[in-house]
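Just so you know, all these numbers are worked out from the coordinates, no wet-lab data involved. The shown structure was predicted, so the numbers you read here are calculated from the model rather than taken from an experiment. Quick reminder, even Gly has a Cβ in these numbers, built from the backbone with ideal geometry, and neighbours come from all protein chains shown.
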């Protein structure tokens, strides 16, 4: 019997503002700038990069740090 797995993407579970806030808070509490940057990237993907770029007035490239 083979085990079937699916890819896990935290962005799929950031479905409410409360979940996003809790996720950001946990990432901030870790005190690791790389973890915080990754968390913010996950939040951006969950919200939609284009929509977030328009809302902030930034380009998509600026949001992902390229």
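Among 28, 56, 15, the largest mean-square fluctuation in a Gaussian network model of the chain, built with springs joining Cα atoms closer than 10 Å, belongs to 56. Axis angle, to the nearest 10 degrees, between helix 17-30 and the longest C-alpha principal axis of the chain: 90 degrees.
Note on residue 8 and residue 47: with the Förster distance fixed at 25 Å, the Cβ-Cβ geometry gives a FRET efficiency of about 0.85. Per-residue ellipticity at 222 nm, computed for the chain from helices alone with -39500 (n - 2.57) per DSSP H run of at least four residues, works out to -19000 deg cm²/dmol. In this rough spin-label picture, where each label sits 7 Å from Cα along the Cβ direction, the residue 1-residue 22 distance is 3.2 nm.
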